[in-house]
Amino acid sequence: MRELPKLFGDASEDLATLFLEQEGYGIVERNYYARKLGEIDIIAQKDGVLHFIEVKSGRADFEPVYNFSPAKLRKVINSAHYYLKSKHLDLPFSIDALIIRGDEVEFIENVTL
C-alpha cells in the first residue's frame, strides 16, 4: 500500500497535468529523475518552449509555495540543464511552479526571474 503523502502528491500532479493540458501544454515527461541532481515533476512544452515544472500542494493552512525553497529551485535548474544536455536539446526553457491549494491552481512561470 502506498503512503498517503505519496497518494496526495500523485493526485496533485495528476491535477497539475490536467490543468496544463487544458491550457494547451503538451506533456513531455512526468517525474523525470536526473541522477544525483533531483526530480522534475512535469516537463511540458508550449509554443516551442520547454517548461520544467515543480508542483507544490498542501492540505493544511500552510502555504504550499513556501515548500519551493531556494535549494529545491537549484536542484530543478540543475536537473533541467542535465535534461537538455542528455537529450541534445537546444530550446528556450522556463522553470515554473504550479501551486495547488485545494481545488485552486496557480501557475507561476519563470520563477527564476
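Each reported figure results from applying straightforward, stated rules to the coordinates on display, with no laboratory input. Every value quoted in this text rests on a predicted model; they were computed, and no experiment measured them.
Can you work out the Karplus-derived ³J(HN,Hα) for every residue in region 41-57? Use 6.51 cos²θ - 1.76 cosθ + 1.60 with θ = phi - 60°, whole Hz, and x for glycine or proline.
Result, ordered by residue: 5, 9, 10, 10, 9, 8, 6, x, 10, 7, 10, 9, 10, 9, 9, 10, 9 Hz.
How big is the Rg/Rh ratio for region 4-108, C-alpha atoms only, Rh by Kirkwood, two decimals?
Details: Rg = 13.3 Å, Rh = 14.0 Å.
Result: Rg/Rh = 0.95.
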